[in-house]
Structure formats: structure tokens, C-alpha cells
Amino acid sequence: MFESAELGHRLSKAEYDEIDPQLRTALLNAQFELLEKKGFATVILINGIDGAGRGETVNLLNEWMDPRHIEVHAFDRPTEEERERPFLWRFWRALPPKGKIGILFGNWYSEPIGDRAFGRIKKARLDQRLSEFNRFEAMLAAEGVLLVKFWFHLSRGGQKTRLKALEANPDTRWRVREADWLFYEEYDRYREVAEHVLRRTSTGIAPWVIVDGSDPDYRAVHVGRTLLDGMQRKLDALDKGYRTRLTAPLLPAQVDQRNLLNALVLNQPMDKKTYEKQLEKLQGRLALAVRSDAFARRSLVLVFEGMDAAGKGGAIRRVTQALDTRQYVVIPIAAPSDEERAQPYLWRFWRRLPREGKVAIFDRSWYGRVLVERVEGFCSEADWMRAYAEINDFEDQLVSAGAIVLKFWLSVSGDEQLQRFKDREAEAFKRYKITAEDWRNREKWPAYEPAVCDMIDRTSTENAGWTLVEADNKYFARVKILATLVEKLEAALGK
């Protein structure tokens, strides 16, 4: 894969001097058109061989374009805080908003390649990571991100010559580290691993561009033209109104009209005395579990979804009563802000993930894409259809990083919901809980029901299954939620 990059590509000074002003002008124009239209974000990945000119190229792009609208992130080994979250967490946080350009130096490819080259991980683990990256990049592309991936290459002899030249110059000697020579000694192994990685992750939507790093002028023009072509093509597509089209068939309805929700017996018996006794016992077990040494190395993510007035808030309060206020955060999810709209859909959830020993409680969640956005037409069919796989992948990454993910759907009958709406209107201190939107959503339940059933069916996985809660009786619902939470938490902690 690297043979073409070892041909020794060259540009004469005269050729470079002729190309340089035209290329930088075109790049600057494209950048400002991108900034004006804010139709997509541009993410540039910088990877490759030490000494191949990666840093110089990043500096040059900052010179050629307006650096105020370029976000450069250089990643080293993850910090303690970063290690407590899923691997991709710190890269999600670095994604630029629409209209901006983000340059990620030492991105999600660097650590797995180095780990494999130096024998710290097995090939199977590397391939698992590469599959995650392909899905991640496919999601970014589907969200409209322009992803440009550069691999800067040098032959082994070229790398040695480059490192010695840098060391010989007092002004550049500082740029050569002991680690650079260590990588040089392992060049053949590193190249072998890199070739495997590039073959597995060079896809139609995010291909790798190999850059010959032996000549600075050729390298600069090659990178500049590649970036310019990608931006111009994306801007032209935006002007023409191109959108992703749905090719998969829509999800079928059940022939007998029986589904996961209407099969529930919603009015389950439980009296207040039994409730209070169970509540105290379960809250005590929950408090002990989250204070244990075993939980200090884990995190807990709770997702509460359900019909309006189903009792999500009351259930959440019964959970938090058992927790130290310093240990948890309740995250209410409403319509996305302008900042959140400028990012891929899952971005606002990735940035709220808890550290080890902490609890994040989502009052509504990332499932809005397959519920309200699907029903209200806020996203295309292609968007919500692909969201099932993206959400499953997201939750798998949480679990793989040590999080315990529990999801609850609270369901009430139409009659019970109506009575709760009326009660809220009648009580002065509850009026804030009922809005015109709640009444409107009640009328749309026939459209929401199949969306909820599809969501449960397609996202209830072995790592993060749904618990359906019969919520006409609030006492029963709260006890079921706490009992499920305690049992699954204790099982996960080995108690």
C-alpha cells in the first residue's frame, strides 16, 4: 500500500512557487464558504511515520487558512480521566462543530497501532478496534462530516536520514525524541501493522490518502489539493441539496396488532405499606452497592424513557434518595441547543458520561432520535433507521469501558395518563408539569406506540437490555425499578 509513496515524489521550487499562491487562496475561499454555510464539519486525521512531516504540514495548513476557525488537537497517551471513559470519549469531545475544521493529530488510530507494533495487544483486539473505527467513521459521514485521513509515509532509509538531519540542526534538534529512534528500530513491524490497519479502514466513505513525506513541497501541495478537492465537492453537494436516501425497507407492523406494550398488564397491585417497606430495603441495598470498593472501578448509566406522566421523575427521586449527592448527576434531555445541533447526534450524550464511581441518570436520552424525531419528522427515515445500530454500538462501548447500563421504559394506560394530566392541572404546585405539548403528544400516541416497540425490539441487547415497567400503580413501578436496579448492579459487582 505504501509503494507509491516511496517513489520519491518531487516538486521543483519553480513549480511550487507557481502553485502555492493559487492553492492557498482556493483553500481560504473554501474555508470561508464552509464557515458561512455551516452545512458540515471537516475533520482531518494526521497519522504516519515519525519524521514524515506531519507537524510541519499542520503548521502550514494553519498558515494557509484562517487559524481562528481551525481547531487543532494533539493526543498523547490518555490521562487518568480519559481512561475512565470509553476509548473514543476524548475524540468525541474534540469534534469540531459545523462550519469549522478540526485537525486531530495522534487520533484514534495512533494508540492501537503502537500497541500492536510493540506487542501490547493481540491482533484480534486490534481488529475489534478497527471495526469500531469503521462504524464510528460511517456514523460521522452519515451525519454529514467530511472526514479526510492522511497517512504520512517515509521509507526506513528516508526516516533515518530525516531524523539525523533534524538532530544535526541546533534549531530542530529538540524535535527528535528517544521514542522516535525507538520507533525507527521497530520500523518494519510498525509498517506491517500500519499496512494492515490502512487496508482494513480505507473505506469508500473515508479512504486513506498516502502522503510521500520525503519532499516538503510535494507533501504540502498533495495535502492541500486533497483537502481542497474534498471541501469543494462537499460544498457543491450541499448547494445541490444532496441528501442521504433510505434504501432499507421500513420496519413491518405486527399482523395481529399485538405488541410489547399492549401486552403489558399496566395496573399491578401494591399497597402503600408494602411499598414503603420494600422501598426502604431496596434503597439500603442500593446505597451499599454504590459505596462498595467494587463500584469505585465501575460507573452506572441509568436511562429513563416513558410516556408523559408515567412517573419518570418520581422514580428517579427514589433512586437519588439512596445516593450521595456528590456521586450522581441527573441529566434532563430536552430539544438540542444550537451548539448541539452543530455536532453529530450522539455528541451531547458522549460528553456527559460519568467517571468511575459515579452515576449518570438520563431523564430522556439518546433514544429521542428513534422516538420524537422519528414521529415528528425532525430527522429523515435514513437517520432514525441507522440510529438503532449506532445506539447499540454506543452502549456496547460504554459497557466495554466498565459502565453498567440499565434502561427503563415506563408505560401507563390512556385512562391513567388522562387522570394524571387533570390532577396536575388542578394542583397549583404541579401545573408546571403539564403543557400544551403533553396534550398534543397524547393525541399522537398511535404513532408513538410502533416507534417505542421498534426501539425496544432493536436496542434491547445482552449488554444493555430494556426493563418494561407497568406504571399505572406508582408504588409498583418504583419498587420494580429499584429491585431491577439493585439486582443487576449487585450481579455486575459480583455481590
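The values are calculated or read from the model by the stated rules, or taken from the named source; none is laboratory data. Small disclaimer: the values here were computed from a predicted structure and weren't measured. For neighbour counting, all protein chains shown are included, and Cβ atoms are generated from backbone atoms with ideal geometry for every residue, glycine included.
Brief remarks on what is shown
- Within the stretch 272-317, the set of residues being among the charged types (D, E, K, R) and either outside the structural domain of ARG478 (by TED's automatic domain parsing) or assigned to a helix (DSSP H, G or I) (or both) comprises LYS272, LYS273, GLU276, LYS277, GLU280, LYS281, ARG285, ARG297, LYS312, ARG317.
- When residues of the stretch 129-157 are limited to those that are small (Gly, Ala, Ser) and touching an Asp or Glu at 6+ places or on another chain (Cβ under 8 Å), the one surrounded by the most Cβ atoms within 10 Å (Cβ to Cβ): SER155
- The test for being assigned by TED's automatic domain parsing to the domain that holds LEU371 and on the phi > 0 side of the Ramachandran plot holds for GLY402.
- Restricting GLU185, GLU178 to residues that are over 35 Å from the mean Cα position of the chain (by Cα), without any contact (Cβ under 8 Å) to a residue 24 or more places away in the chain and farther than 15 Å from ALA52 by Cα narrows the list to GLU185.
- Residues of the stretch 41-63 that are of a type outside the set (Gly, Ala, Ser), buried (at least 19 other Cβ atoms within 10 Å of the Cβ) and within 15 Å of LYS100 (Cα to Cα): THR42, VAL43, ILE44, LEU45, LEU61.
- In the stretch 375-389, the residues that are without any contact (Cβ under 8 Å) to a residue 40 or more places away in the chain and assigned by TED's automatic domain parsing to the domain that holds SER460 reach residues that are surrounded by 14 or more Cβ atoms within 10 Å (Cβ to Cβ) and of a type in the set (Val, Ile, Thr) with C-beta atoms within less than 9 angstrom, at least six apart or across chains, in these pairs: PHE378/VAL372; TRP384/VAL370.
- Subset tally (residues that are at pLDDT below 95, under 25 Å from ARG129 (Cα atoms) and either charged (D, E, K, R) or not in a helix (DSSP H, G or I) (or both)) for the stretch 352-398: 2
- Qualifying residue in the stretch 412-433 (condition: buried (at least 17 other Cβ atoms within 10 Å of the Cβ), among the aliphatic types (A, V, I, L, M), at pLDDT 95 or above and touching a Pro at 6+ places or on another chain (Cβ under 7 Å)): no
- Of all the criteria given as (1) surrounded by fewer than 15 Cβ atoms within 10 Å (Cβ to Cβ); (2) at pLDDT 95 or above; (3) within 30 Å of ALA382 (Cβ to Cβ), the one not satisfied by GLY204 is (2).
- Selected residue (criterion: farthest from ASP236 (Cα to Cα)) from residues of the stretch 145-155 that are in a loop (DSSP other than H, G, I, E, B) and at pLDDT below 95: SER155
- The residue of the stretch 79-121 that is farthest from PRO67 (Cα to Cα), among those that are part of a loop (DSSP other than H, G, I, E, B) and in contact with a strand residue (DSSP E or B) (Cβ under 7 Å, 6 or more places away or on another chain), is TYR109.
- On the stretch given as the stretch 324-376, residues that are at positive phi and within 19 Å of the chain's Cα centre (by Cα) total 1.
- ASP127 free of Cβ contacts under 8 Å to residues at least 60 places away in the same chain and more than 21 Å from LEU227 (Cα to Cα): no
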